[in-house]
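All of the numbers you see were taken from the coordinates with simple rules; none came from a lab. If you're wondering where the values come from, they're calculated on a predicted model, not measured in any experiment. All Cβ positions, even for glycine, are placed from backbone atoms using ideal geometry, and neighbour counts span all protein chains on display.
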Amino acid sequence: MSVLRLIFNILWFVMGGFIMGILWWLAGIISFVSIIGIPFGRSCFVIGEMAFWPFGQDAVNRRYINRYDDIGTGGLGILGNIIWFLCFGIWLALGHIGHAIVCFVSIIGIPFGIQHLKLALLTLAPIGKTVISRQTV
C-alpha cells in the first residue's frame, strides 16, 4: 500500500468512514436475523470493510472476474438487488450522499466525497459485485 493511499484511508476513517462502515455492518447483522438474509449480510460485511478503507479498492461485477454468470449476476441477482434497495440500499445510499455533500464543501474533502459517491452507487445494487484491490486490476 502506498503512503498516500494509507494517509487517505486514515483520514477517511476518521472523517466519516468509520460511521458508514459501522452502518454497513449493522445492516449485515440485521440481515443475518433471517435465514434468507444471510447472503445480504455477507455482502454487507465485505462492502463494510471497503467502506472503512476504500482507497485502493474497487467493486466490480463478478461476471468480469469469473468470466461466467452466477446466481448473483443473473435474474435472481436483479431480484435480490430490488429487495436490497427497498430494505437497506436507499438508507445507506442517503448516508453516503449526505457525507459526500459535507465532504464537497471543502476542497480538501473532494477525494472523500468522490469515494462516498462511489460507495453510494455500490449501495444501490451490490449483489453480483465483489471487492478487489486495485493492485490486482
Integer Hz, Karplus 6.51/-1.76/1.60 couplings in order for the stretch 86-91, x for Gly and Pro: 5, 8, 10, x, 4, 6
Cα gyration tensor shape of the stretch 3-136, rounded if a/c is under 1.5, else prolate or oblate by comparing a/b with b/c: prolate
Tensor-based shape of the stretch 57-110 (alpha-carbon gyration tensor, a/c under 1.5 rounded, otherwise prolate or oblate): oblate
Where labels lie 7 Å past Cα in the beta-carbon direction, separation of Ile65 and Ile114 in nm: 2.3
CD proxy at 222 nm, helix term only [per DSSP H run n ≥ 4: -39500 (n - 2.57); per residue of the chain; nearest 500]: -19000 deg cm²/dmol
Degrees separating the helix 110-124 axis from the principal Cα axis of the chain, which is the longest one: 10
For the chain, built as a Gaussian network whose Cα springs stay under 10 Å, the top-fluctuating residue of Ile78, Ile97, Ile36: Ile36
Distance between modelled label sites at Leu124 and Cys87, nm, 7 Å Cα→Cβ extension: 2.1
Cut-off of 10 Å, at most 16 other beta carbons, DSSP loop: longest stretch of the chain lacking such chymotrypsin sites (Phe, Trp or Tyr not before Pro): 69-137
³J(HN,Hα), Karplus 6.51/-1.76/1.60, whole Hz, each residue of the stretch 15-29, x for Gly, Pro: 9, x, x, 4, 5, 5, x, 5, 5, 4, 5, 5, 4, x, 5
In nm, spacing of pseudo-spin labels at Ile7 and Ile78 (7 Å Cα→C-beta vector): 4.6
Distant-in-sequence amide H partners of Gln57 (H built 1.01 Å from N, under 5 Å): Arg134
